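One structure below.
The values are calculated or read from the model by the stated rules, or taken from the named source; none is laboratory data. Computed from a predicted structure; not experimentally measured. Positions of Cβ are generated from backbone atoms using ideal geometry, with glycine treated the same way; all protein chains shown enter the neighbour counts.
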Amino acid sequence: MKKFVIITHVNHIQNQDQYYGYAPYVREMNLWLQYVDQLIVVAPLKKDNLTSIDLAYNCNDIFFSNIPDINFITFKSRISSVFKLPVIFWKIFLAMYRADHIHLRCPGNIGLIGCFVQILFPKKVKTAKYAGNWDPKSKQPWTYRLQKYILNNTILTRNMQVLVYGNWDGQSKNIKSFFTATYSQTEKEAVQKKSFQEGISFLFAGSLSKGKNSLYAIQIVNQLLKKGYNITFNLFGEGEERDNLQRFILENKIEKFVCLHGNQDKETIKKAMKESHFVILPSKSEGWPKVVAEGMFWGGVSIATKVSCVPYMLDYGKRGVLLEMNLEKDTEQIENVLMNQDVFLSKSQLALKWSQGYTTDVFQEEIRKLIK
């Protein structure tokens, strides 16, 4: 393929001749880029320092089209964003006009504009990755629902394969159920989890935001600590909730058991995953949460909310724990597993077997079919 264009809201950083973005997203896109001659990226470009969660595109020929970041949170930002829209629309149009393959990253404000512009190119080959919750019954912002409507509509959107997580009612021929992966076939290994008597390890990885409910995860661990369980809880990530989490930890005097590690690289989190018994993610909204699948890959039992395709991933509780978002009930659910390590080991083996079926090798082969 000659020219492949990505339309995305992900913020990028330029360092010499390379362009960096959020590592999990770029790592996935690099699998696509093995079949690409030239990459065109339409996205915001920020002047910032690189961090451990930034990664460079693996492509020798990149053209970057810098567009302004927009949001509609405050009145001032709405007014500013309206004036930016013509520039964004025009740059997306030019990139799509030049492209042989158009790839949209949704949901997001830039993805929404891309959804409208792609209507003007019905004959071009297109894919879209809808990384959010495709469940039509879920409560979502109207902009998300509008993106889903346009992408699902076979009159407005043609020659498009939309990759979504899960199988849902009302899917048109545009929609293709998909998955994502982090680890390769060669990384597979048998992981022996320590006995609970040596200590129980919990892990959280993601942004420390209200949407990810990291405070609720600490509250559950706090309840289990009060019941006398020997638990350590490691949280990886940064976000606006960090101060609140730190305050709760200190107020409840659990700083010896709960540690905020900040952003860490892939290998550090991989090592922590192998050592953890449980991965907890009480998130309000997800698509295919990588941290859940990653924890399962190393035999961890995932504890997560019933959003999007998470119930399917956890086989409705057979290979994990589905949260009710009721502190007393959820603590009791987890305690039932802690009281019987055989139950944990059963869930652990089922989780490992399932997740190790979704390697980057399988993922890359599916991408090759899409792109060729």
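Rundown of residues vs (1) under 23 Å from the mean Cα position of the chain (by Cα); (2) outside the structural domain of N66 (by TED's automatic domain parsing); (3) not aliphatic (A, V, I, L, M), yes/no style:
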site: V10; (1), (2), (3): yes, no, no
site: Q16; (1), (2), (3): no, no, yes
site: Y20; (1), (2), (3): yes, no, yes
site: P24; (1), (2), (3): yes, no, yes
site: R27; (1), (2), (3): yes, no, yes
site: V42; (1), (2), (3): yes, no, no
site: L45; (1), (2), (3): yes, no, no
When you check N133 against the structure, is it surrounded by fewer than 16 Cβ atoms within 10 Å (Cβ to Cβ) and either in a helix (DSSP H, G or I) or not aliphatic (A, V, I, L, M) (or both), yes or no? no
Examine segment 191-211 for a residue that is in contact (Cβ under 8 Å) with a residue 40 or more places away in the chain and assigned to a helix (DSSP H, G or I), and state whether such a residue exists. yes
Only one of K139, K123 is over 22 Å from A43 (Cα atoms), modelled with pLDDT of 95 or more and in the same structural domain as I70 (by TED's automatic domain parsing), namely K123
From the option list E267, E286, single residue qualifying as acidic (D, E), surrounded by 19 or more Cβ atoms within 10 Å (Cβ to Cβ) and modelled with pLDDT under 95 is E286
For segment 1-105, list the strands (runs of 3 or more DSSP E) that sit wholly inside it and hold at least 1 residues that are closer than 18 Å to L370 by Cβ and not hydroxyl-bearing (S, T, Y); which are they? 3-7, 38-43
Could you tell me whether any residue of segment 157-170 is of a type in the set (D, E) and closer than 25 Å to L31 by Cβ? no
Could you tell me which residue of segment 289-313 is modelled with the highest pLDDT, considering only residues that are within 21 Å of D54 (Cβ to Cβ) and surrounded by fewer than 24 Cβ atoms within 10 Å (Cβ to Cβ)? E294
Does R145 qualify as being without any contact (Cβ under 8 Å) to a residue 12 or more places away in the chain, out of contact with any Cys (no Cβ under 7 Å at 6 or more places or on another chain) and either surrounded by fewer than 19 Cβ atoms within 10 Å (Cβ to Cβ) or acidic (D, E) (or both)? yes
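Quick one: which of E324, E332, E365 is without any contact (Cβ under 8 Å) to a residue 24 or more places away in the chain and assigned by TED's automatic domain parsing to the domain that holds N30? Walk me through how you get there before you give the answer.
Values: E324 fails: assigned by TED's automatic domain parsing to the domain that holds N30; E332 fails: assigned by TED's automatic domain parsing to the domain that holds N30.
Checking each option against the conditions leaves just E365.
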Just to be sure, is S276 under 25 Å from E28 (Cα atoms), within 14 Å of the chain's Cα centre (by Cα) and of a type in the set (S, T, Y)? no
Examine segment 261-271 for a residue that is outside any loop (DSSP other than H, G, I, E, B), in contact with a Gly (Cβ under 9 Å, 6 or more places away or on another chain) and not assigned by TED's automatic domain parsing to the domain that holds V125, and state whether such a residue exists. yes
Out of F257, F178, F196, which single residue is farther than 14 Å from G295 by Cα, outside the structural domain of Y316 (by TED's automatic domain parsing), aromatic (F, W, Y) and surrounded by fewer than 22 Cβ atoms within 10 Å (Cβ to Cβ)? F178
